[in-house]
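The values are calculated or read from the model by the stated rules, or taken from the named source; none is laboratory data. This structure is a prediction, so every number in the text was calculated from the model and none was measured. We place every Cβ from the backbone using ideal geometry, glycine too, and count neighbours over all the protein chains shown.
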Amino acid sequence: MRYDMVVIGAGPAGEKAATQAAYFGRRVAVVDRREAPGGSVVGSAGIPTKTLRETALYLTGFRRREVYGVGMALMPEVALERLKSRTAEVTKAMTEVVRENLRRNGVELVQGEASIGGDRRVAVRHPDGASSLLEAEVVLVATGSRPLRPAAVPFDAAGDVIGPPALASVAAEQGRVAACHAFGVPFKQTVDPLPPYGVYSIPEAGPSTGSSTHPLQRAHQDRGVQVRGLRRPAAPGPVSATEVSSEEASRWSSV
C-alpha cells in the first residue's frame, strides 16, 4: 500500500509525528511490533513505574505521616494485588488514549516487525506469519533507544536517573518537528527548550473518551465539581500549512 509517511514505532515520537503529518492531510501508517501502541513509556516504563510509586505512596499514607503521625499497614498480598491491578488499569487507560489519538487523526496502526527495504519500502511481518509491503514518500524511524552503560560505571542505584515523562515529552516534540520538516510545513521548526514534566497516574480524572464516562468523573460531576482536561478538540479536517496562523499553531501543538 502507498502512504505519504510510514512511521516505525508507536511510542511518543512516532505517535506525535504520525498525527502531526495526518493533521496536515498526509496519509500515514504506524508500524509497531506490539499490539498496544504507546511504546515503553506507556507499556513498561514511564507510566507503569510512576503509577506503582504513586499507588504505593497512597496506600501507605507515606506523604501524610509527618502530619498525622500514623500510616496504613496492609497485608503484603493485598498491597501487591492492588499495586498490580492499579498499574494495569492506568496502563490500559493510557494505551487507549494513544490508540484513540491515532484513530481520530486517521492514522492506520499496523502490528508487526518492520524492516526497511530499498526505494522507501517497509516490509512488515505480521504476528500471524503473513507479510505486507508499505511504500511511502517518507519513512520515519522512531524505535527508541537504549542507554549506554559503560563497564567502568556501576549501575546499582534504584529509582529515576534520567527517564520519562521528561524524555517522552522531548521525544514527542522531536516527532512533531521531524514530521513538519519532512513535508516542508512551517508549523514547528525546533524543539521547545523547556520540556513539560508530569506524572500521569490518575487518567480517570480527565474528560472521558467516547460515549462512556469514568465513575470518578461522574462522582465529581454529581457533586457539582467541574472536571476539565487539556485534551484538544477533534481536528476540523486536513489543513494546509499556509492556513495555520500563530494562534492556531499554539492551539494545535498538542496533536
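Let's see how each residue does on (1) of a type in the set (Lys, Arg); (2) at pLDDT below 85; (3) touching a Phe, Trp or Tyr at 6+ places or on another chain (Cβ under 6 Å):
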{"position": "Val6", "(1), (2), (3)": "no, no, no"}
{"position": "Phe24", "(1), (2), (3)": "no, no, no"}
{"position": "Thr49", "(1), (2), (3)": "no, yes, no"}
{"position": "Thr60", "(1), (2), (3)": "no, yes, no"}
{"position": "Arg65", "(1), (2), (3)": "yes, yes, no"}
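Considering the stretch 127-148, the residues that are under 22 Å from Ser44 (Cα atoms) and modelled with pLDDT of 75 or more include one that is surrounded by the fewest Cβ atoms within 10 Å (Cβ to Cβ), namely Ser145. Pick from the stretch 1-53 the residues that are assigned to a helix (DSSP H, G or I) and touching a strand residue (DSSP E or B) at 6+ places or on another chain (Cβ under 6 Å): which of them is surrounded by the fewest Cβ atoms within 10 Å (Cβ to Cβ)? Only one residue fits best here, namely Ala22.
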